[in-house]
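Visitor: The structure that follows is given in the form of structure tokens.
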Amino acid sequence: MHLDTHILRAVAVGLAIVLLYGSRLTKGSVSQAPDGIVFRIKPLFAWSRAIALPAYILFFLYMAATQKQQVPWWMALLLLAAIALGVMQMPGTITLTPTAIKQRFWFQPSKTIQYGEVMAIQAMQGGRMTRVAGDNRVTITHTSNHCAAMEFQQEIERRTGKRIIL
């Protein structure tokens with residue numbers, strides 16, 4: 001069976017649009033862990049990354065195998081760099097412990113702000129995104145790709161005693 005690249009490209013673009021914008025419409029749920037309340041990234045967003053990255057790699061390999069010309073080495077390196085950048089930009093899991101707010105990433109150092117060190121809580125994008133700034137020059141951002149934005153805002157206000165700046 002021969003795959004038409006125009007149809008394959010249209011399906012890939014359509015799937016990417018549905019996954020990327022569909023993740024914003026889901027709410028997600030908060031989970032309780034021994035450390036505290038955990039705000040993970042939304043499952044649809046995580047699955048879109050888990051599907052999109054391998055799909056990009058497979059599409060690149062398919063195009064490289066079917067083309068008559070050899071793919072330049074710098075093009076393959078550029079693809080790997082783009083994938084690495086995409087993985088590095090994944091939002092970290094936020095945990096509200098009894099004493100601090102913590103954000104853990106896969107490939108970046110963790111961030112921690114003690115509740116007493118919180119200087120400001122700022123809501124953006126109509127309340128879908130919340131930035132917590134500490135006096136230790138650390139900023140933790142609850143993005144629209146994290147679950148339960150309203151619950152996060154209510155809980156961070158309660159734990160810090162500070163009001164959200166709109």
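Taken together, the values in this text are just the output of simple stated rules run on the coordinates, not laboratory data. The structure presented is a predicted model; accordingly, all values stated were derived computationally and were not measured. Note that each Cβ is placed from the backbone with ideal geometry, even for glycine, and that neighbours are counted across all protein chains shown.
Visitor: Considering Cα pairs under 8 angstrom that are at least six residues apart, work out the relative contact order of the chain and quote it in whole percent.
Guide: Averaging sequence separation for qualifying contacts and normalising by length gives 21 percent for the chain.
Visitor: What does the helix-only formula give at 222 nm for the chain: each DSSP H stretch with n ≥ 4 adding -39500 (n - 2.57), the total divided by the residues, and the result rounded to the nearest 500 deg cm²/dmol?
Guide: On the way: 4 runs with 70 residues, N = 166.
It comes out at -14000 deg cm²/dmol, rounded to the nearest 500.
Visitor: Give me a comma-separated list of calculated 3J(HN,Hα) values for the range 142-151, in order, Karplus coefficients 6.51, -1.76, 1.60 applied at θ = phi - 60°, integers in Hz, x for any Gly or Pro.
Guide: Result, ordered by residue: 8, 8, 5, 8, 7, 7, 6, 5, 5, 5 Hz.
Visitor: Compute the separation of the alpha-carbon centres of the range 51-94 and the range 100-141 and state it in Å as a whole number.
Guide: What the calculation gives is 31 Å, centre to centre.
Visitor: Shifting gears a bit: Based only on other Cβ atoms within 10 Å, what is the fewest-to-most ordering of ARG128, ARG163?
Guide: Exposure proxy ranking, most exposed first: ARG163, ARG128.
Visitor: Could you compute the longest span of the chain free of chymotrypsin sites (Phe, Trp or Tyr not before Pro) located in DSSP loops and having at most 15 other Cβ atoms within 10 Å, not counting the site residues? Let's see the in-between values first.
Guide: Numbers: sites that count: PHE105, TRP106, PHE107.
Here the longest segment lacking exposed loop sites spans 1-104.
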